[in-house]
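Worksheet: one structure, shown below.
The values are calculated or read from the model by the stated rules, or taken from the named source; none is laboratory data. Bear in mind the structure is a predicted one, so any value in this text is a computation, not a measurement. Ideal geometry is used to build each Cβ from the backbone, glycine not excepted, and the neighbour counts take in all protein chains shown. Areas reflect the complete protein model, heavy atoms only, side chains present, ligands, DNA and RNA absent. Shrake-Rupley method; radii C 1.70, N 1.55, O 1.52, S 1.80 Å.
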Amino acid sequence: CPGCRVIFSHCLCALRPQVTTRAGMCLIMGDMEPLKPSNTGWLIADVVPDTAAFGWSRTQVGPALRTLLADPQWAPCLVFPGEYAAPERIVTEVPQDPGKRPLFVLLDGTWSEARKMFRKSPYLDHLPVLSLQPEQLSRYRLRRSTRDDHLCTAEVAAQCLALGGEPQAAEVLETYLEVFSNHYLNARQSVPPDLEDAAHLRLRE
């Protein structure tokens, strides 16, 4: 399905939630990330109305991305582990700028890609780095990570929304991710999706 990237027998487009959020999301995506069926950045765009996505390039930055980061309605912050940033850039709470909306800049790719993007994107060096302290391990089941504390992109976005004072949107995104994962895995195993399991019921609520 072009809408949810799952085979038609397991399509979840009818379950796509509608949420109003104050925050926006800016996804900077690695080379192959948009083409991977298991990519969760698309789920963020389904839930958060003001989501923009850009391909990453080491040598050039598109004008649309520069315009977004300079837009006076937004207060952008780069979401990345603080251990990789200079201490003076690190914040642990969403920066509050009167009259501006938070814009969370997420580096969407494998862990090695994300680290390279962080190191080699000088146009992001002026942004504060929001360092999350996840209280739970990742529940993402579609790819393996060498570290249990690495969250997938949608999990990171949900934590940002919760930290930014939008717990309902955060819960919707987390639940939508769980439903997507169920459909994706069931499709791979040729098992019909259970539309009445706990995650589907929560999402409908």
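With no solvent and one point per C-alpha, what does the Debye sum give as log10 I(q)/I(0) for region 23-70 at q = 0.16, 0.18, 0.22 Å⁻¹?
-0.47, -0.59, -0.83
Can you pull the Kirkwood radius for the chain, inverse mean 1/r over Cα pairs, to one decimal in Å?
Values: mean 1/r = 0.0569 Å⁻¹.
Taking the inverse mean of 1/r over all distinct Cα pairs, the chain comes out at 17.6 Å.
Can you give the accessible area of Phe80 in Å² (nearest 10), computed on protein heavy atoms with a 1.4 Å probe?
Accessible area of Phe80: about 10 Å².
Determine, from the Cβ-Cβ distance of Arg22 and Tyr123 and an R0 of 22 Å, the FRET efficiency 1/(1 + (r/R0)^6), rounded to the nearest 0.05. Walk me through the numbers before you get to the answer.
Numbers: r = 25 Å, r/R0 = 1.13.
Calculated value: 0.30.
Keeping all protein chains in place and using 1.4 angstrom, which order do Asp97, Asp46 fall into by accessible surface area, from largest down? Don't skip to the answer; put the middle values down first.
On the way: Asp97 65, Asp46 40 Å².
Solvent-accessible surface, decreasing: Asp97, Asp46.
How much length would be gained if the chain were fully extended between Ser38 and Lys100, taking 0.36 nm per residue of separation minus their Cα-Cα distance, in nm to one decimal?
19.0 nm
If you take the charge dipole of the chain about its Cα centre, with +1 on Lys and Arg Cβ and -1 on Asp and Glu Cβ, which of Ala169, Cys1, Gln159 is farthest toward its positive end?
Working it through, the farthest residue towards the positive pole turns out to be Cys1.
Given R₀ = 41 Å, FRET efficiency for Phe54-Glu196 by Cβ-Cβ distance, to 0.05? Intermediate values should be presented prior to the final figure.
Numbers: r = 38 Å, r/R0 = 0.94.
For R0 = 41 Å, the calculated efficiency reads 0.60.
If you put +1 on each Lys and Arg Cβ and -1 on each Asp and Glu Cβ, how big is the dipole of region 1-126 around its Cα centre, in Debye rounded to 20? Could you put the intermediate results ahead of the total?
Details: 13 positive and 12 negative charges, 40 e Å.
I would put it at about 200 debye.
Mean-square fluctuation check for the chain, GNM, Cα pairs under 10 Å: which of Ala114, Ala169, Ala157 is largest?
Answer for the Gaussian network model of the chain: Ala114.
Taking a probe of 1.4 angstrom, what is the accessible area of Trp56 in Å², to the nearest 10?
30
Mind jotting down the three principal axis lengths of region 1-41 based on Cα atoms? Whole angstrom, largest first.
Principal-axis extents of region 1-41 (Cα, largest first): 33, 29, 12 Å.
Based on the Cβ-Cβ distance of Asp71 and Ala45, what FRET efficiency does E = 1/(1 + (r/R0)^6) give at R0 = 25 Å, to the nearest 0.05? It would help to have the intermediate numbers written out before the result.
On the way: r = 18 Å, r/R0 = 0.72.
Working from the Cβ atoms, E equals 0.90.
Translational diffusion coefficient, Stokes-Einstein: compute it for region 1-81 using the Kirkwood radius over C-alpha pairs as Rh, at 25 °C and 0.890 mPa s, and state it as an integer in µm² s⁻¹. Don't skip to the end; give the middle numbers.
On the way: Rh = 14.5 Å.
Translational diffusion coefficient: 169 µm²/s.
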